[in-house]
1. For A:Arg253 and A:Asp131, compute 0.36 nm times the residue count separating them, minus their Cα-Cα distance, and round to one decimal in nm.
2. Return an integer: the convex hull volume of the alpha-carbon atoms of the range A:82-228, in Å³ per residue.
3. Note down the Stokes-Einstein diffusion coefficient of the range B:130-200 in µm²/s, whole number, using a Kirkwood radius over alpha carbon pairs, 25 °C, and 0.890 mPa s.
4. If R0 is 25 Å, what FRET efficiency do you get for B:Cys163 and B:Asp71 from their C-beta distance, rounded to 0.05?
5. Cross-link list A:Lys252/B:Lys56; A:Lys142/A:Lys294; A:Lys81/A:Lys142: which exceed 28 angstrom alpha carbon to alpha carbon?
6. Just the number: Rg to Rh for the range A:245-354, Cα atoms, Kirkwood Rh, two decimals.
7. Explain nothing, just the number: dipole magnitude of the range B:145-184 about its Cα centre with +1 on each Lys and Arg Cβ and -1 on each Asp and Glu Cβ, in debye rounded to the nearest 20.
8. Using only Cα atoms, what is the ratio of the radius of gyration of the range B:82-161 to 2.2 N^0.38 Å?
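Bear in mind that the values in this text are calculations on the coordinates, not laboratory data. This one's a predicted model, so the numbers in the text were calculated from it and none came from an experiment. When we count neighbours, we look across all protein chains shown, and the Cβ atoms used for this are built from the backbone with ideal geometry, even at glycine.
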Amino acid sequence: MNDSEQAPLISDEGEVGFVEYQDFVSKEPFQFVSGGSIPELTLRYETYGHLSAAKDNAILICHALSGDHHCAGVHGIEERKQGWWNFMVGPGKPIDTTRYFVICSNVLGGCQGSTGPGSINPATGRPYNLDFPKLTVQDMVKAQSLLIDSFGIDRLHAVIGGSMGGMQTLQWAIDFPQRVGRYIALACGARHTAQAIAFNDTGRQAIISDPEWKGGNYDPQEGPAQGLAVARMMAHITYLSDVGMESKFGRKRRSGDQSREHFEVEFEVESYLRYQGASFVTRFDANTYLYLTKALDRFDLHSPESLDVTLQAVTAPGLVVGFTSDWLYPPQGNREVVEALLRLGKDATYAELAMDFGHDSFLLRAPQLYELMHRFLSR
Amino acid sequence: MKAIDKKRQADFQIIAHWVNEGDRVLDLGCGRGVLLEYLKQKKSIYGVGVDIDLDKILSCVKRGVPAYQGDIRAMLATFPENAFDRVIFSRTVEQLEDPDAVLAEGLRVGRRVAVGFVNKAFWLNRLNIFLKGRRTVNEVYPKPWYESLPANPFSVAEFEDYCDARRIVIENRVFLSGDWRSECSRFPNLMAGYAIYDLASID
């Protein structure tokens, strides 16, 4: 995630300002694609802007693995950090809240208020933990569709997301073609590469091999903090790029003091990653991390038949954006999706942004990304 | 329309004439998507543009033209035979790295291929080199050599030789005079400023 300063790029941009989350509760049993069900579910979400009388101006934003429903504005005057996509969402911004009604929900299986492995199973009165059904990107999207139903929205003006959010976006276009007006998928792909799976599994092993994980049945107040922090540190490296890290940290040292212990924090990059790891464990649940990464690894639009067969269902015009320095979800994986869509005669556009900051480039302010999003949404 | 745009779009009408209603059209080196937008309006085609430059893709997005940012050759390789009814190279071939291979790919992926190019052997180009020892600078190519993209221009005669050598079938050919507007019927290698070919594979 990018925590950088977000000064307005265009002077007539406004802010969504103070926002509050809401909870959508469905008391109907929810069936998972891979089998299993839960008796009810909650999705935590935020909205910005106003739903038109015709209910035709809604945009759904899908968040990435470690993101949440809070993508714009602030929750209170004390909160220094704005929503994760604040520069993109707001009055006069590409996702213009004076025109669109924007919905962003915490994903099913998440740990920021939506039902996930850490939620209480009404049947037992205890957290689901590993009894939570196997989760897929299709399940995430299906749960979101219930939330969209609750607004009485038949068709979304657009579905937009990056990374895991990009995969959800593609899944939306496949599973609910009649409900998607257009879609924008950023820094994603049709499936994980072996390398992406390898990194995810190393992260999962860091969690599982932490004795505090306790087979998934840890006390919610404790848990495998070390394992989760290491998983996050390593994953965070995959979100950056060598050039980006070099320019941000280089070999900068924490301080001039040479008398410290040999393996204490010495370099800035170590300090940064340890901070990322330590702060992640305060807001993220280890079992959710296992479930979400596994859902991503299993996501595969080439299956069961082929990419072209899977994408045949898509009817909406789409924009897919790859980033040159993204080595986690490399440009060719993004490109491949559009190539298949074009083979099928679909309306699809592929753009590739030359940005230095790796996978997380889509979370950075860039005039070109601004232009692309703005033009595609308003065409 | 400005005079320069008129000249830039010299081959639009002719290509539009060759394109059938509802065709699947691939425009290689599509620039800002103006030709595809034109064909969409005239012939309700399904069109896709390819360009390497993001700025051009941005313009295509604005026009509502599906576009693919990337390398032409790599992109063509991902399509099966005859995936498109028409593949267009409008002032693109002279900038390709391996024109022979890319044209062959174009002919594989498209049932018909349109190639529009500036005739290097046009009398004015000859005269400029012969008398001034300098290349022609005009409104479409206003920049001096050191501010231009690398280009590999060729003549009508050279293109005919190429089609002959590769046994490419020339279904139609149209030559425009120096103004890129009026048709030129005689001595095209000398008198044509612009040439447009309609090609097909031998089979």
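1. 39.4 nm
2. 149
3. Translational diffusion coefficient: 176 µm²/s.
4. 0.55
5. Values: A:Lys252/B:Lys56 40 Å; A:Lys142/A:Lys294 18 Å; A:Lys81/A:Lys142 30 Å.
Beyond 28 Å between Cα atoms: A:Lys252/B:Lys56; A:Lys81/A:Lys142.
6. Rounded to two decimals, Rg/Rh equals 1.17.
7. Roughly 120 debye for the range B:145-184.
8. Working: Rg = 14.7 Å, N = 80, 2.2 N^0.38 = 11.6 Å.
That works out to 1.27 for the range B:82-161.
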